[in-house]
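Working notes for the structure below.
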Amino acid sequence: MVSKSNVLKTLIIIPIVFFRKSNLLLAGNGTDMPIAELFLQNMFSGNPSRTETNIVIVMFGLMEVIVFNLLFGTYIYHDLYENSIYIFIRQKSRIKWFINRSFQLFAYSAVYNILFILSTFLLCVVYSNQEIDIVAIRVVIITYILIQLFSFWTTLMINLLAIRIGATASFITNYMTLLVLSFLAVNYEAIPIIKNIPFFLSLNPVTNVTINWNDGIGKGLYPAVYFLILIGTTMLLGGKILSKMDISLENKEKNN
Amino acid sequence: MSIYRNTIRMQMKLMCNKKAFQLTFSINLAYVLVTYLYYVWIQLGNDISTITSPSVVFPLQSATEFFDIYINIVPFIVVIPFSMSYITDKFNTILPALQTRCGSQKYYFSKGIVCFLGGFLVFFIPFMLSILLNHLTFPQSGTTFLGDLYDTNFDAGIVGSNVLKSTRWLGIHFPKLFVYNQELYNVLYLFLFSLAMGLFSVFAYSLSFIIKKHKIILLLPVYLIIISFNTLDQFMQSNVPYICYKVLLYITVNDMYGKNPFFIVMFFLVLTTTAAILIVKQSWADQID
């Protein structure tokens, strides 16, 4: 069921994008840069190249995903600690319930990211002096799919981990993992042994969010398939955890 | 007064036993230890004249190896120690019991004070340990974060004459203290950083009267404020004279230019006033007469 608070949480992205990208509106003269390039620069804090960036810029660029993680970090978990007894005495299959809730989360994530990507793209179109071309449309679609899958997967992980350690600790753990992964991605060339094998770079989820960061492996198809595998595994794992969970789940929110 | 002291003591005990407080403390301690061990490891076996000074490997210094990772976590871990305790008390339904024992107003004010102390101590103690540890391990070799003391660009780094950007605020703050003793300079910055963290903690606590349902969303406001000012800084890059709006750069050790002291004082003044208003309003709202 679509609740008012969840719709509001989803719509919060519009003012955030307009504030964050308002330089495109405020700057007087447009640019002759192709829309696709302008869009990528604005999506990832001005620098789409992995080797020419640093971790602060990467995390600054992932801000909208982190906001989604925080807003929907207890979407499934909240139901579990508040109403698990009422839900599971009526629901036969816990796995089915979990998959159903995951799809609802996926739908919110899809709407949130559509608003995010479309508003950023529209601002770029307004600012650019160039016409929309097929490359721009392709870049927008690929970026949307990757950001959408990534934000859904990380939020699902937060919800699942929260069952064991509570929502706050779960978010912090997830965020710190993201930071370490970003650090490893940016400093990949300095890691001994694996630095010459690009395949290891493509296993890092952070490198798959942005186009070109995994050295072009699969050209957008590989990252999407990789994220789908990760999501599938997480959902299966989540279903198993829920099946074995004590129905009178202890509310971890009360402890920390 | 004694009731206040007792309430604060009780809340302090509560805070120290909380997993959230221990988690934040552990994250800070792990960060300073990892930084320390990293610099010990990379300088192991070096000649004593080439080993860096203890002040250079201070973990609040922006050029240290893991600083970029750490500074990204700060907006979140500053909220964890005790800012969510009001929501926890409500969840556990012990709020009426606590308020009956010490009085509603004293409950809110003492929690605010403990929040500040928690936010301050959870950062101050691990970083102070790091200063002591660095001092015991590394020799005073005359290097600073602005380069060697005998470097021709050292003076330029202090007064900011090497900055090409048009700004009124050049050079580092507290230059005399820096020249006199870099260790004391680091201690002063640690004090300012911990003070700022304490204020952020109280601010997040005051917002817990508004965001009552989900603890996790309480992690958002401080992060959004810091990110908003970073975005503002990005827009204002070409403004003359340039003012740095990156809040965390004011309270850590770095040679960033354009740091207007008036801006940072006003920023924390507004933050503290907002927190004070919200706490006073909430304490009044819970009173019958």
If we ask which residues in the stretch B:72-91 are among the hydrophobic types (A, V, I, L, M, F, W, C), within 18 Å of A:Leu179 (Cβ to Cβ) and buried (at least 19 other Cβ atoms within 10 Å of the Cβ), their number turns out to be 6
If we take the stretch A:56-174, then helices (runs of 4 or more DSSP H) inside it with 2 or more residues that are at pLDDT 85 or above and within 13 Å of chain B (Cβ to nearest Cβ) are A:63-71, A:134-165
Every listed condition ((1) facing chain A (nearest Cβ under 10 Å); (2) over 28 Å from B:Val247 (Cβ atoms); (3) of a type in the set (A, V, I, L, M, F, W, C)) holds for B:Ile87 save (2)
B:Lys212 meets each of (1) closer than 30 Å to A:Tyr75 by Cα; (2) surrounded by 19 or more Cβ atoms within 10 Å (Cβ to Cβ) with one exception, condition (2)
Residue set A:Ser128, A:Ser93, A:Ser119; condition more than 21 Å from the chain's Cα centre (by Cα), of a type in the set (Ser, Thr, Tyr) and surrounded by fewer than 19 Cβ atoms within 10 Å (Cβ to Cβ); output residue A:Ser93
The stretch B:186-289: helices (runs of 4 or more DSSP H) wholly inside it with 3 or more residues that are more than 19 Å from the chain's Cα centre (by Cα) are B:220-235, B:261-285
Item to complete: With the condition kept exactly as written, say whether any residue in the stretch A:186-200 is without any contact (Cβ under 8 Å) to a residue 40 or more places away in the chain, within 30 Å of A:Val135 (Cα to Cα), buried (at least 17 other Cβ atoms within 10 Å of the Cβ) and not aromatic (Phe, Trp, Tyr).
Response: no
The correct count of residues that are among the small types (Gly, Ala, Ser) and either within 11 Å of another protein chain (Cβ to nearest Cβ) or on the phi < 0 side of the Ramachandran plot (or both) in the stretch B:229-272 is 1
Only unsatisfied item for A:Ile16, checking (1) at pLDDT 85 or above; (2) surrounded by fewer than 19 Cβ atoms within 10 Å (Cβ to Cβ), is (2)
Note on the stretch B:208-227: residues of a type outside the set (Lys, Arg) and either in contact with an Asp or Glu (Cβ under 8 Å, 6 or more places away or on another chain) or at the interface with another protein chain (Cβ under 7 Å from one of its Cβ atoms) (or both) are B:His214, B:Ile216, B:Ile217, B:Leu219, B:Leu220, B:Ile227
- request: Consider B:Val32 carefully, then state whether it is crowded, with 22+ Cβ neighbours inside 10 Å, away from chain A (no Cβ under 12 Å) and touching a Pro at 6+ places or on another chain (Cβ under 7 Å).
  value: yes
The lone condition B:Tyr205 fails out of (1) in contact with a Cys (Cβ under 6 Å, 6 or more places away or on another chain); (2) within 14 Å of chain A (Cβ to nearest Cβ); (3) among the hydroxyl-bearing types (Ser, Thr, Tyr) is (2)
Within the stretch B:18-76, the count of residues that are closer than 29 Å to B:Tyr205 by Cβ, small (Gly, Ala, Ser) and either free of Cβ contacts under 8 Å to residues at least 40 places away in the same chain or part of a loop (DSSP other than H, G, I, E, B) (or both) comes to 3
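Results for (1) modelled with pLDDT under 85; (2) of a type in the set (Phe, Trp, Tyr), shown as yes or no for each residue.
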| site | (1), (2) |
| --- | --- |
| B:Leu117 | no, no |
| B:Leu132 | no, no |
| B:Ser141 | yes, no |
| B:Phe174 | no, yes |
| B:Glu183 | no, no |
| B:Leu199 | no, no |
| B:Val202 | no, no |
Could you tell me whether any residue of the stretch B:80-100 is touching a residue at least 12 places away in the same chain (Cβ under 8 Å), part of a helix (DSSP H, G or I) and of a type in the set (D, E, K, R)? yes
In the stretch B:134-175, anything buried (at least 18 other Cβ atoms within 10 Å of the Cβ), over 22 Å from B:Tyr250 (Cβ atoms) and in contact with a helix residue (DSSP H, G or I) (Cβ under 8 Å, 6 or more places away or on another chain) is listed as B:Asn134, B:Phe138
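The values are calculated or read from the model by the stated rules, or taken from the named source; none is laboratory data. In this text, all values refer to a predicted model and were calculated from it rather than measured experimentally. Note: ideal-geometry Cβ built from the backbone for every residue, glycine included; neighbour counts use all protein chains shown.
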